[in-house]
Each structure stands twice: as structure tokens, then as C-alpha cells.
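Okay, so here's the structure we're looking at.
The values are calculated or read from the model by the stated rules, or taken from the named source; none is laboratory data. These numbers were taken from a predicted model, which means no experiment stands behind them. Note that each Cβ is placed from the backbone with ideal geometry, even for glycine, and that neighbours are counted across all protein chains shown.
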Amino acid sequence: MAGFDKVVGSYEEAMAGIEDGMTIIAGGFGLCGIPENLIAEIKKRQTKELTIVSNNCGVDGFGLGVLLEDMQVKKMVSSYVGENALFEKQLLNGELEVELTPQGTLAEKMRAGGAGIPAFYTATGVGTPIAEGKEVREFNGREYLLEESIRGDFAIVKGWKADRYGNVIYRHTAQNFNPLAATAGKITVVEVEELVEVGELDPAHIHTPGIYVDRLIVGTFEKRIEKRTVTESA
Amino acid sequence: MAMRVARELQDGFYVNLGIGIPTLVANFVPDGMEVMLQSENGLLGMGEFPTDETIDADMINAGKQTVTAVKGASIFSSAESFAMIRGGHVDLTVLGAFEVDVQGNIASWMIPNKLIKGMGGAMDLVAGADNIIVTMTHASKNGDSKLLDTCSLPLTGKGCIKKVLTDLAWLEIQDGAFVLKERAPGVSVEEIKEKTQGKLIVPDHVPEMQFN
């Protein structure tokens, strides 16, 4: 099937065309809603010198953390990287660059990138180290920083359900950065838990319309929990 | 401290609670008051931790802890979440810090050569909120004051803090000074003076904190 059918048959096909030195935008927050199998495919391919734009960098041995093991990452653009010992080691050794970016600014950089907006002003970070080298402009008596948007050669996204047309919905807080990442890839690859019939998803409830999606694949997910917190059962 | 912060809650408030002491505030919401907790990973209406039966890897808060959603909650993207935060729609933000100074500057995310984990959403939260309470210990374990004339660590935000709650006192920042508003139970004005490095204004009467 051609036309609007975005489904590909294998993870190899899903990540075809990825090359050394590319910029990859990844959805996910911590280990929640991460494209586990697309990350695994990048590891398998041993693509190097990557710039990865993602709120976090996984943990040791899981999520984006696995790409550090073979030094595949040149630079991370993230808001918080504190859960990963290997990350810290490579950073201190100078083997890895990091561009720490406020979480809201990171989200907006992806959103703006996908929406064709090259830069935007935000009050976030004024007077802090992240303002260094950035234009500051005053609006209505308040200072704002000019932040440039981000686009990726690839965006890798984890959804819950999708139809063949690439209409995607996310599950609970596994949404996070995923719909933003989905808009900002030259090639956007989405992996989901379940493929449904076209027409089955309520059009008004779709989070990511298929126009943003280039490739779609159904996978199985470990969904590792980073911090298991429970209350006693009643 | 969490109990004291809870006194600042108002019925109908949307509140963002940072990790640590701020999270505990959720345990002290007065009966009959409706407060909606915002978690910046994309949840408005955060509920309690789940049980072993209801735990769900797709349901976490900004501290990456597994949580539940209350009835009437909404879930959205990170961009939407920070639109709420930056746009000033959150009524109260409570977060921790390493240092605060008399100009309302806050340092909370980085200790050069030592701690480089990142700022997460803290810079957006302090830039976007009008009503912020910083909760922290008054002094470090070595006795160094965290209420300073000028922050020594890299800033999280400039001139954005007006209220500070420590283990010793409730203070407000006005015109380049900390104004001592309340003492923690059993804490003397002298001790607070001693442990505050930045300019401190002590009114004639400094009441003890009330918790109910």
C-alpha cells in the first residue's frame, strides 16, 4: 500500500538513512515514553558523532544511555542529565559535549522548529549562564532572551496507538516531548504499541496528525520504571 | 516547613511543587480546599502514588516518580505544560534552592566542577511565576548562610524571588533586604541574624509560625 500508508516492516527500514554526524530529536521524559526500539536500532547500527536532542539521556544501560556505551554521542541537548554515571564520566573526560537547556525552552525549540519559527524570545534564563552570547531584548519593561529553534535530521517518537496514515495518540504522561519531536524531524519515525484501523481514532482526539509522520512501526516495549513509588493498598 | 507552605494555599489554586520538601506540601492541603497540582512533564491534577495494582510506567511526575491523576486532571505535551508555566497561569510555585540573595536572585541548579545535572524546568518556573516560595535550609551543614548579599553560584533566575521559607524562618525580600516575618517554633531572632549573611531587617515583633 502506498499513498498515506506510513507503516514500515522492520526497524532497519524505520531508521534507514541515518548517518554519522546527524542530529536526532527524541521524545520521552526520563524513561517514560521513550522510543526504546528505535534507540536500540541506532545502537545496532553504531552510527557515531550524533547530536541528540532529548530532555534526558536515559540511565546507565537503558534508553539513550545505551548510545553512550560505544561513544556514539558527540553532543547532548538536554535539560537534565543527572541519572547517568557514564554520562557524567564522558562529560568530565571531555568525550561528550552537553548543551544544558531549560526544559520549557527545549520544548519550545522543538515546537517552534516544527512550526517553521526560527527563533523566539523567552524570559527563561535571563541573567543566568545560559544567556551568555544570546541577544537580550526588552518588551514591556522586561528582558527576554532570543532562543533559536531546533530541527533534526531524524525525530524518533514513541506513541501508543496509530493508524496507517500516521495519526498518533499518546498514553498518559508518555506524551511529554513526543508530539513536539514528531513535528521537528526532517524524517519523523514513530513507534507505537498498537496499530488500529484508519478511522478508528476519533479525529478530534489525535495528538499527532499523520502529516508529520514519515515512518511508522509497531513494537513491543519494556517500559522500565525509573522511580517506583507506591502507597499501601487499601 | 511543608505545613507552613500549606498555609499559603488558597482554594482554587493551581500549584507547581518542586522535588523534595515542596512535594510534601501536598500532604497538608486543608480539608475542603481544592488545589490542583501541576507537574511540568505534562500533568495538571497530580494525585497520590499508585498502589502495586495500579502502578503504570506511563504515569509519572516531573520527579519521575510513578503517580496517579485525580478526577478532573488533564494531560498534555511539554510545550503546553510550559506555556502554562511561562504564561503565568500557575498560581503558586514552590521549589528548593542552594542560595537566595537580597536582590531576589536564586541559584539552584549548578555547583561548578561538582554538580552538573542540569536545570530541568526550574529556570522556566522561576521566570514564569509571580508567586514563588523558595524552601531550603537556612544554612549549610558547615553553617554557611544560604541567604546572601549576592549569590555565589550560577543563577537559576534573576530578581524573581520574594518569599523564602527556611527551617528557621519565613522571610520576604523587599528593597534589597530580607525582612524577617516569622520565626520557626523555638528559634530565636539572634540565631536567624547569625545565620543570615545578606541584609536582614528585623521588625520589632517577629511572631512564631502558625501551622493551622
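Out of curiosity, is residue A:110 surrounded by 23 or more Cβ atoms within 10 Å (Cβ to Cβ), in contact with a Cys (Cβ under 8 Å, 6 or more places away or on another chain) and either in contact (Cβ under 8 Å) with a residue 60 or more places away in the chain or within 14 Å of another protein chain (Cβ to nearest Cβ) (or both)?
no
When you look at residue B:33, is it surrounded by fewer than 17 Cβ atoms within 10 Å (Cβ to Cβ), more than 17 Å from the chain's Cα centre (by Cα) and closer than 30 Å to residue B:207 by Cα, yes or no?
It is true that residue B:33 is surrounded by fewer than 17 Cβ atoms within 10 Å (Cβ to Cβ), more than 17 Å from the chain's Cα centre (by Cα) and closer than 30 Å to residue B:207 by Cα.
Which one is farthest from the chain's Cα centre (by Cα), of the residues in the range B:48-98 that are surrounded by fewer than 21 Cβ atoms within 10 Å (Cβ to Cβ) and of a type in the set (Phe, Trp, Tyr)?
B:76
Go through the range B:29-49 and count every residue that is facing chain A (nearest Cβ under 7 Å) and at pLDDT 95 or above.
Result for the range B:29-49: 4.
Evaluate the range B:130-145: report whether one residue or more is away from chain A (no Cβ under 14 Å), at positive phi and surrounded by fewer than 19 Cβ atoms within 10 Å (Cβ to Cβ).
Looking for residues that are away from chain A (no Cβ under 14 Å), at positive phi and surrounded by fewer than 19 Cβ atoms within 10 Å (Cβ to Cβ), one finds at least one in the range B:130-145, hence yes.
Within the range A:128-153, can you find the residues that are under 30 Å from residue A:222 (Cβ atoms), more than 14 Å from chain B (Cβ to nearest Cβ) and touching a helix residue (DSSP H, G or I) at 6+ places or on another chain (Cβ under 9 Å)?
A:151, A:152
Going through the range A:172-189 one residue at a time, which ones are in contact (Cβ under 8 Å) with a residue 60 or more places away in the chain and either in contact with a helix residue (DSSP H, G or I) (Cβ under 7 Å, 6 or more places away or on another chain) or part of a loop (DSSP other than H, G, I, E, B) (or both)?
If the condition is that a residue be in contact (Cβ under 8 Å) with a residue 60 or more places away in the chain and either in contact with a helix residue (DSSP H, G or I) (Cβ under 7 Å, 6 or more places away or on another chain) or part of a loop (DSSP other than H, G, I, E, B) (or both), then A:175, A:176, A:177, A:180, A:181, A:182, A:183, A:184, A:189 are the ones that fit.
Select from the range B:102-129 the residues that are touching a residue at least 40 places away in the same chain (Cβ under 8 Å), over 18 Å from residue A:143 (Cα atoms), within 12 Å of chain A (Cβ to nearest Cβ) and more than 14 Å from the chain's Cα centre (by Cα) and list them in ascending order.
B:110, B:112, B:120
Among the residues of the range A:81-90, is there at least one that is more than 8 Å from chain B (Cβ to nearest Cβ), of a type outside the set (Phe, Trp, Tyr), surrounded by fewer than 17 Cβ atoms within 10 Å (Cβ to Cβ) and more than 14 Å from the chain's Cα centre (by Cα)?
yes
Search the range B:106-117 for residues being touching a strand residue (DSSP E or B) at 6+ places or on another chain (Cβ under 7 Å) and crowded, with 23+ Cβ neighbours inside 10 Å, and hand back the single one that is farthest from residue B:175 (Cα to Cα).
It comes out as B:108.
Quick check on the range A:215-232. Is at least one of its residues more than 30 Å from residue A:61 (Cβ to Cβ), part of a strand (DSSP E or B) and over 21 Å from the mean Cα position of the chain (by Cα)?
no
When only residues in the range A:171-228 that are within 14 Å of chain B (Cβ to nearest Cβ) and aliphatic (A, V, I, L, M) count, which is surrounded by the most Cβ atoms within 10 Å (Cβ to Cβ)?
Residue satisfying both the conditions and the ranking: A:181.
Inside the range B:148-165, can you point out the residues that are more than 14 Å from chain A (Cβ to nearest Cβ), buried (at least 22 other Cβ atoms within 10 Å of the Cβ) and within 12 Å of residue B:99 (Cβ to Cβ)?
Scanning the range B:148-165 gives a single hit, B:164.
Which one of the conditions (1) touching a Phe, Trp or Tyr at 6+ places or on another chain (Cβ under 9 Å); (2) more than 11 Å from every other protein chain (Cβ to nearest Cβ); (3) among the hydrophobic types (A, V, I, L, M, F, W, C) does residue B:55 fail to meet, given that it meets all the rest?
(2)
Return the total of residues in the range B:1-28 being part of a strand (DSSP E or B) and either of a type outside the set (Phe, Trp, Tyr) or at pLDDT below 95 (or both).
Residues flagged as part of a strand (DSSP E or B) and either of a type outside the set (Phe, Trp, Tyr) or at pLDDT below 95 (or both) within the range B:1-28 amount to 3.
Confirm whether residue B:195 is in contact with a strand residue (DSSP E or B) (Cβ under 8 Å, 6 or more places away or on another chain), of a type in the set (D, E, K, R) and more than 11 Å from chain A (Cβ to nearest Cβ).
In short, yes.
May I ask you to list the residues in the range B:1-38 that are under 18 Å from residue B:124 (Cβ atoms) and without any contact (Cβ under 8 Å) to a residue 40 or more places away in the chain?
Answer for the range B:1-38, where residues must be under 18 Å from residue B:124 (Cβ atoms) and without any contact (Cβ under 8 Å) to a residue 40 or more places away in the chain: just B:37.
Looking only at residues in the range A:132-167 that are in a strand (DSSP E or B) and free of Cβ contacts under 8 Å to residues at least 12 places away in the same chain, which one is nearest to residue A:39 (Cα to Cα)?
The selected residue is A:136.
Among what's in the range A:92-107 and is without any contact (Cβ under 8 Å) to a residue 60 or more places away in the chain and closer than 20 Å to residue B:84 by Cα, pick the residue that is farthest from the other protein chains (Cβ to nearest Cβ).
Checked the range A:92-107; the qualifying residue farthest from the other protein chains (Cβ to nearest Cβ) is A:101.
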